[in-house]
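The structure under discussion appears below in the form of structure tokens.
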Amino acid sequence: ALQTENEQAVRFAVDRARGMECPDDSAWMQKAIAFIKECVAARKREIAERKRRRRWRRQEKARREREFAERQQRELEEALERDKKPRGLLMFTLLFGFCCFLTAC
């Protein structure tokens, strides 16, 4: 795991002391073990925070993509609506003009 130099040194000292059968209830051993536990807890908190931030970024990205797709769809529908009306009017005008031309001939 990603241990700091201080934590590695304390772990090494604790392992050596246990190897020499030093009792775990001595004051410095208690402090050393508490320090190691705090380092592990801090690392777990940091990992959880990174996961939370990563999940939030993924959700934000998905939301932005969804909004972009909805906006594109809405713009496409609006463009089709705008495009539909003039084309119908244009076809009517051309047909009317052709009918007038045929009548005039």
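The values are calculated or read from the model by the stated rules, or taken from the named source; none is laboratory data. None of these values were measured; they are calculated from a predicted model. Heads up, the Cβs are rebuilt from the backbone with ideal geometry, glycines too, and the neighbour counts pull from every protein chain shown. Side chains included, ligands, DNA and RNA excluded: accessible areas come from the protein's heavy atoms. Shrake-Rupley method; radii C 1.70, N 1.55, O 1.52, S 1.80 Å.
Observations, loosely collected:
- Pairs of lysines in the chain whose Cα atoms sit within less than 27 Å of one another amount to 4, provided the residues are eight or more positions apart or on different chains.
- Kirkwood analysis of the Cα pair distances in the chain returns a hydrodynamic radius of 21.0 Å.
- Extension gain, Phe92 to Arg43: 0.36 nm times the residue separation minus the Cα-Cα distance gives 10.3 nm.
- What the Cβ-Cβ distance of Leu76 and Trp56 gives, at R0 = 35 Å and to the nearest 0.05, is a FRET efficiency of 0.70.
- log₁₀ of I(q)/I(0) at q = 0.13, 0.28 Å⁻¹ - the stretch 13-68, Debye sum with one point per alpha carbon: -0.54, -1.00
- The stretch between Arg16 and Phe101 holds 19.8 nm of extra length on full extension. This uses 0.36 nm per residue minus the Cα-Cα distance.
- What you get for the stretch 32-105, charging only the Cβ of Lys and Arg (+1) and of Asp and Glu (-1), is a dipole of about 1020 debye around the Cα centre.
- Highest-MSF residue in the chain out of Arg45, Arg16, Arg57 [GNM, Cα springs under 10 Å]: Arg16
- Residue among Ala27, Ala62, Ala41 with the largest mean-square fluctuation in a Gaussian network model of the chain, springs linking Cα atoms under 10 Å: Ala27
- Heavy-atom surface of the stretch 17-105, accessible at 1.4 Å and reported per residue (Å²): 91
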